[in-house]
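Let me give you the structure first, and then I'll get to my questions.
Rule-based calculations on the coordinates, nothing more; no lab input. Only a predicted model underlies this, so the values are computations on that prediction, with no experimental measurement involved. Quick reminder, even Gly has a Cβ in these numbers, built from the backbone with ideal geometry, and neighbours come from all protein chains shown.
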Amino acid sequence: MTLLLSDSRRNVRACLVCWLACAAIPTVYGDDWPQWMGPRRDGVWRESGLVATIPAGGLPVKWRVPVKGGYSGPAVADGRVYLTDYDRPAGPLGNAPNDRTQLAGRERVLCVDAATGDLLWEHAYDCRYGISYAAGPRCTPTVADGKVYSLGAEGNLVCLDAATGRVVWQKDFKQDYSAPTPLWGFCGHPLVEGELLICLVGGPGSVAVAFDKETGQERWRALSASESGYCPPTMIEHDGRRQLIIWDADNLNALEPATGRVIWSQPLKPMYGMAIMAPQVAKTPEGVVLFASGIGRVGALFRLADDGSGPSVLWRGEPKTAVYCANSTPFIAGAAVYGCDCDTGMLTAVDLASGQRLWETLAPTTGGERRSKHGTAFLVRQAPPGDGSRVWIFAETGDLILARLTPERYEELGRMHLLDPTNECFGRAVVWSHPAFAERCVFARNDRELICVSAAAPE
């Protein structure tokens, strides 16, 4: 009897230990998309088990939930989706390129369940807008180590507890740094680098500012410029070290991420201060190169020196060469650059070595027959298997496209209409928001709803 009781206790104890061990293991989700352009900020979707084509009937819609206005994309982490929007009670939304629309409303940070779309929490604050194209926030939330970092269109930076939405710390760029609101609002997606949160701020000597990501305490500030620009802080690896690329309205700059010390600076001035796309880096037989381009046919391919002396120009774009990107970031794959040209509105492939255009098409941007300024599509590469040429495209028309991009051609592998365009630009309806690709799903938004569709291959 004693033996049986002892065995029973041992069994109960073993079961309890097993239960506690299982309870301590966090719920396992598919790959996350915790910030703009994905986990590595390189616009690559690395999950496996995805569809090879989009069928004629489209991909299955898992859920749709109502949201308000905004250009910001969703972020997905630990089974939750984070999104910012702007709730304005009333008032017309004017999109005149050089006029600041005056609006009263609330910016919101929303957290919803990735599986169901159920609202888990909301953080809102009053925010008056005085910007052009004032639909809502521009910056995708950045999620890291249990916190969400959100930057609003008027320079409100807030750090929230990812589980509860509780405010941990916050900053006001206009008040704290005398940073004027850019004409098109604050747009630089916050970047986590180690213990730092790096932001594009503006103001004298503070184009870029690094904060302690836990406390919000300033660690360093750097750079002055005529305008801060709109380009997100970008991290590259070169010369055996990490370098922070900041493209303001006047110069391309490389900084030491830990200190903000300038390593090199290269003049590159787009029109209207609109440095927008994230500069792209690649290894070539000629060495490590960096590509940047923008409005006003300003663009070039630079070779990065190994001694920190600064880049040298390999080629500069001409009227009928290169690709001049604005709203969306291009990518380099093999011997070509692929991106959306802001003059023609076309998806364009460019020879990396020479800058010559290889092909261009309106099919994945406006879908029209005539060129349209700022025709936009957001490009995300699907990692191998295969040759790495498969690209997921979200067009300004609201279409989700799977295509193969090579130096020779653009080839569609299917498309579906995901969302109606709810904003306006140059007289046409558009949706300009970068989707998230996580948990074998695509998460996208317009100014009315957030949608989740499954891209998982049939089992």
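Can you tell me which of 421-431, 388-398, 130-140 comes out highest on packing, and rank the rest after it, using the mean Cβ neighbours within 10 Å?
130-140, 388-398, 421-431
Now a separate question. How far, in nm, would the chain grow between Ser226 and Arg316 when pulled straight, counting 0.36 nm per residue and subtracting the alpha carbon separation?
Gain on extension, Ser226 to Arg316, equals 30.1 nm.
Taking 0.36 nm per residue of sequence separation and subtracting the Cα-Cα distance, how much length would be gained by fully extending the chain between Ala353 and Asp99, in nm to one decimal?
Taking 0.36 nm per residue and subtracting the Cα distance, the gain is 87.5 nm.
While we're looking at this one, here's another question. Quick one: if you take sqrt(5λ) for each eigenvalue of the C-alpha gyration tensor of segment 200-299, what semi-axes come out, biggest first, whole angstrom?
Equivalent-ellipsoid dimensions as semi-axes: 22, 19, 10 Å.
Ok, one more. Hey, got a sec? Which GluC sites (Glu not before Pro) in segment 130-228 land in a DSSP loop and have at most 15 other Cβ atoms within 10 Å?
Answer by residue number: Glu195, Glu214.
In whole Hz, what ³J(HN,Hα) sequence does segment 452-459 give by Karplus (6.51, -1.76, 1.60; θ = phi - 60°), x for Gly and Pro?
Once θ is set to phi - 60°, the couplings for segment 452-459 become 10, 10, 7, 10, 6, 5, x, 7 Hz.
What are the lysines whose alpha-carbon lies under 28 Å from the alpha-carbon of Lys283, with same-chain residues fewer than 8 places away excluded?
Output for Lys283: Lys269, Lys320.
Here's something else I'd like to know. Over segment 321-459, calculate the relative contact order: mean separation of alpha carbon pairs under 8 Å at least 6 apart, over the residue count, as a percent.
Value for segment 321-459: 14 percent.
What does the convex hull of the Cα atoms come to per residue for the chain, in Å³?
Residue-normalised Cα hull volume stands at 176 Å³.
Here is a further query. Less than 14 Å Cβ to Cβ from Pro319, Lys/Arg counted +1 and Asp/Glu -1: what total charge do the surrounding residues give?
+1
Give the separation of the Cα centroids, segment 80-98 to segment 310-330, in Å.
When both Cα centres are located, 31 Å separates them.
Among all the lysines, which ones have a C-alpha under 20 Å from Lys147's C-alpha, if same-chain residues fewer than 8 places away are not counted?
Lys171, Lys213
Right, another one. Can you give the net charge of the other residues whose Cβ lies under 11 Å from the Cβ of Gly355, counting K and R as +1 and D and E as -1?
+1
Let me ask another. Please report the net charge: other residues with Cβ closer than 10 Å to the Cβ of Arg108, K and R +1, D and E -1.
Charge balance near Arg108 sits at -2.
Apply the Karplus curve 6.51 cos²θ - 1.76 cosθ + 1.60, θ = phi - 60°, to the phi angles in segment 238-246 and return the couplings in whole Hz, x for Gly and Pro.
Running phi through 6.51 cos²θ - 1.76 cosθ + 1.60 with θ = phi - 60° gives 7, 6, x, 8, 7, 10, 9, 9, 10 Hz.
Run the numbers for Ser309 and Arg409: contour at 0.36 nm per residue of separation, minus the present Cα-Cα distance, in nm.
Value of the extension gain: 32.2 nm.
Amide H to amide H, which residues 5 or more places from Glu439 or on other chains are under 5 Å from it, using H placed in the peptide plane?
The list, which skips near neighbours in sequence, is Gly30, Asp31.
What list of ³J(HN,Hα) values in whole Hz, one per residue of segment 268-280 in order, does the Karplus curve 6.51 cos²θ - 1.76 cosθ + 1.60 (θ = phi - 60°) give from phi, with Gly and Pro shown as x?
7, 10, x, 5, 6, x, 8, 6, 10, 5, 7, x, 10
Let me ask another. Along Cα→Cβ, 7 Å out, is where each label goes; now give me the distance between the ones at Asp78 and Val262 in nm to one decimal.
4.0 nm
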